[in-house]
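Data first, discussion second: the structure below is written as structure tokens.
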């Protein structure tokens with residue numbers, strides 16, 4: 001297993017955001033991470049990437065216990081992530097933005113530039129490499145988020161709602177990009193609310209609700225699960241009373 005999350009718990013005061021969550025991710029796969037708003041999905045990403053410390057449990061990545069390590073240490077080991085709200089350096093070019101991630105690996109400016117260029121090509125943004133990031137549209141900014149992460153040369157890429165706000169056509173273009181990244185050898189965990197897309201991309205799907213893992217299985221198994229349907233849509237009180 002590339003990633004093993006063992007009984008991870010995260011608390012904010014009296015609020016338990018993650019409650020004894022365990023997940024395993026095979027190398028080379030795409031894992032979908034779904035659940036209602038507030039389920040703990042982004043909190044889990046924050047713990048995996050070192051942005052937040054855990055209160056309990058362990059995170060084993062590529063054979064190394066990364067529990068408690070700083071985010072820059074985890075990035076150097078090979079975990080990169082995107083963020084829900086893209087915030088590029090607006091006055092810098094698209095290439096310069098991607099180079100920020102490249103310096104995680106690069107020893108020279110030229111090497112960082114090469115890594116950034118490769119990442120922009122993979123996400124289909126090479127033609128905008130000299131454009132100031134503030135002039136990119138939302139779809140292009142989403143691609144840039146992925147390119148910034150890819151420039152760190154990750155083994156594991158955490159994608160947090162990179163399809164949010166996109167048109168249907170852009171959603172499937174993004175799905176194609178994600179598949180290409182995975183085909184290039186990068187393992188992916190994707191948080192997404194567009195069920196059709198995440199189910200099409202994922203080999204397995206994990207469902208969180210109120211900080212607990214309530215289901216794990218194939219996309220077909222998860223899509224038909226009464227527990228998952230209840231988590232998203234609630235209980236039909238009339239049906240429950242019948």
The range 80-91 - residue that is in contact with a strand residue (DSSP E or B) (Cβ under 7 Å, 6 or more places away or on another chain) and in a loop (DSSP other than H, G, I, E, B) and, of those, surrounded by the most Cβ atoms within 10 Å (Cβ to Cβ): 82
Could you figure out which of (1) within 24 Å of residue 192 (Cα to Cα); (2) modelled with pLDDT under 95 isn't true of residue 78? (2)
Taking the options 198, 171, 206, name whichever one is part of a strand (DSSP E or B) and either over 28 Å from residue 110 (Cβ atoms) or touching a helix residue (DSSP H, G or I) at 6+ places or on another chain (Cβ under 6 Å) (or both). 206
Number of the exception - residue 164 against (1) part of a loop (DSSP other than H, G, I, E, B); (2) within 23 Å of residue 76 (Cα to Cα): (2)
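For the range 23-48, which positions are outside any strand (DSSP E or B) and surrounded by fewer than 18 Cβ atoms within 10 Å (Cβ to Cβ)?
Matches in the range 23-48: 26, 27, 28, 29, 36, 37, 38.
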When restricted to 106, 119, the only residue touching a helix residue (DSSP H, G or I) at 6+ places or on another chain (Cβ under 9 Å), outside the structural domain of residue 28 (by TED's automatic domain parsing), assigned to a loop (DSSP other than H, G, I, E, B) and buried (at least 19 other Cβ atoms within 10 Å of the Cβ) is 106
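The rows are residues; the columns are (1) within 30 Å of residue 99 (Cα to Cα); (2) touching a strand residue (DSSP E or B) at 6+ places or on another chain (Cβ under 8 Å); (3) surrounded by 21 or more Cβ atoms within 10 Å (Cβ to Cβ); (4) free of Cβ contacts under 8 Å to residues at least 40 places away in the same chain.
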residue	(1), (2), (3), (4)
152	yes, yes, yes, no
158	yes, yes, yes, no
176	yes, no, no, yes
181	yes, yes, yes, no
196	no, no, no, yes
217	no, yes, no, yes
230	no, no, no, yes
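The values are calculated or read from the model by the stated rules, or taken from the named source; none is laboratory data. Every value quoted in this text rests on a predicted model; they were computed, and no experiment measured them. Reconstructed Cβ throughout: ideal geometry from the backbone, glycine too, with neighbour counts over all protein chains shown.
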